[in-house]
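Working notes, structure below.
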């Protein structure tokens, strides 16, 4: 198209100006065909039928102007250059029409600049079009590449020179247990640090250095898979095809396990490995198995000896006989067994039938010590059970609050209603009735708030501790404005170490609320109250420290220096039991711990430790 005549559409209703423009263009080196129109309808028809490469437009025509002409032109696809050719216009208008999308504007007293402006506008649009076409072709090429890579049966990734993923197909994502899109742009060694130092790590660097293809088979423990890798280097990085060959590798291992040379390979592991034929005679075993048998039975065992004769207890013999027979029937399976004598020991045993063609001739066994894992599981179940019991205790306490407190409150409110209806003449009695009614209603609100907090089972959310603190301090100060001078309370807050916390917002609010109101209530009247709240990080935990310089608690009343929270929170000493019980209950509901140190007339320090949770 660039070598063909330029189709030039001129919107101009002044014939003299049109002839002048044509004359100037004829004297230029431009190769063009021109069509002249002077109204809106003919302009639209020319856009549709003449299909111009560029539009020259006067500004003001009868019932039509360049702004509208520009808008109509821009609606045409693909967009074409638009140059305003007009008499004098303001600089503001010229700037506005360029901003609206016009490529240039030429004043009619400076038409000699028009050919160069046309040439520049066309070249600019052609360059943009070429760039767009190239981008479309690139996207089409990438899409074709993606389709091909997604259809191949192998996993595929490409990595640039900075060791960042540039492409990951679906099969690769399945093997790596990751979403392909989540890996794009990420550094391979940052995402899979366990691979550093492994053979494929060295092979990648070697391929980049030598620019030669490398074939590698390697076991990757974090995924428990064997991978066959084909590594292809280029100037831009690496293209890697790999496949899961775990099944074939295990088959090879079973064959090797039946050979006399296997001992050197299997004695470097703590896992037990052994194989028996269908008569229960030992074919091969490693040192770990030999030592374990001696520990359990008190005897050494020899190759070819019957494994189920005089080595174990009758219960152990029956157990293994049953599972060996399952393997002899062709079944591959894993079992967990527990021995309490002579030591507490948990193991995970896998049975793999050994085939000779279609016939099972024995079984290979692999046993792994999972004692530590089992102890962790048991401890977790115990923690879960304890937490469940605490929740039941909380529900019971909620019931007590709801029924044992609100019932008498309802009677008091009913009594005050009757007294109000009787309208006693004595003003003092009326004041007393009003005070009783207000107090009963306030107490009812407190009980309902307490009941709502105790019943809260809201999901975990990311909580801004500064926002919570600001809100609750404002609430407390408003409610206590008539009781205490706010100038007598100073807060020192530092959440810089742990600003945001994943937790239950209502519980955190309640914990802070009870601690602050307790400090205000039990302050030393003759001196200002100073409250310090600070957060810090521990290993996998968040520590919240709360301190005041209030009346303190007599810790000598306990036998131990450590404050026994549960008993203390259930007592009514100094009237503090309910609020502090709420604090303890909700900290435990967040799977945290709380400790206290205090001295009479010196103040109190609370230390709350919470786990770092996740949404």
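Looking at the stretch 545-579, which of the residues that are at pLDDT 75 or above and within 38 Å of the chain's Cα centre (by Cα) is nearest to residue 502 (Cα to Cα)?
545
Just checking, does the stretch 109-119 include any residue being modelled with pLDDT under 90 and outside the structural domain of residue 26 (by TED's automatic domain parsing)?
No: the stretch 109-119 contains no residue that is modelled with pLDDT under 90 and outside the structural domain of residue 26 (by TED's automatic domain parsing).
Of the residues 67, 85, 89, which single one is at pLDDT 90 or above, more than 54 Å from the chain's Cα centre (by Cα), surrounded by 11 or more Cβ atoms within 10 Å (Cβ to Cβ) and in the same structural domain as residue 118 (by TED's automatic domain parsing)?
Just a single option satisfies the conditions, and that option is 85.
Residue-wise test of (1) touching a helix residue (DSSP H, G or I) at 6+ places or on another chain (Cβ under 8 Å); (2) touching a residue at least 60 places away in the same chain (Cβ under 8 Å); (3) at negative phi.
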{"residue": "18", "(1), (2), (3)": "no, no, yes"}
{"residue": "25", "(1), (2), (3)": "yes, yes, yes"}
{"residue": "31", "(1), (2), (3)": "no, no, yes"}
{"residue": "38", "(1), (2), (3)": "no, no, yes"}
{"residue": "43", "(1), (2), (3)": "yes, no, yes"}
{"residue": "54", "(1), (2), (3)": "yes, yes, yes"}
{"residue": "72", "(1), (2), (3)": "yes, no, yes"}
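For (1) crowded, with 18+ Cβ neighbours inside 10 Å; (2) modelled with pLDDT under 90, each residue gets a yes or a no:
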residue: 184; (1), (2): no, no
residue: 189; (1), (2): no, no
residue: 198; (1), (2): no, yes
residue: 214; (1), (2): yes, no
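Quick one: how many residues across the stretch 506-532 are surrounded by fewer than 21 Cβ atoms within 10 Å (Cβ to Cβ) and assigned to a strand (DSSP E or B)?
The number of residues fulfilling the criteria is 3.
Residues are listed down the side, and each one gets a yes or a no for (1) surrounded by 16 or more Cβ atoms within 10 Å (Cβ to Cβ); (2) touching a strand residue (DSSP E or B) at 6+ places or on another chain (Cβ under 6 Å); (3) more than 29 Å from residue 298 (Cβ to Cβ):
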position	(1), (2), (3)
361	no, yes, yes
365	yes, yes, no
372	no, no, no
375	no, no, no
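The values are calculated or read from the model by the stated rules, or taken from the named source; none is laboratory data. Bear in mind that the values here come from a model prediction, so they are computed numbers and not experimental data. All Cβ positions, even for glycine, are placed from backbone atoms using ideal geometry, and neighbour counts span all protein chains on display.
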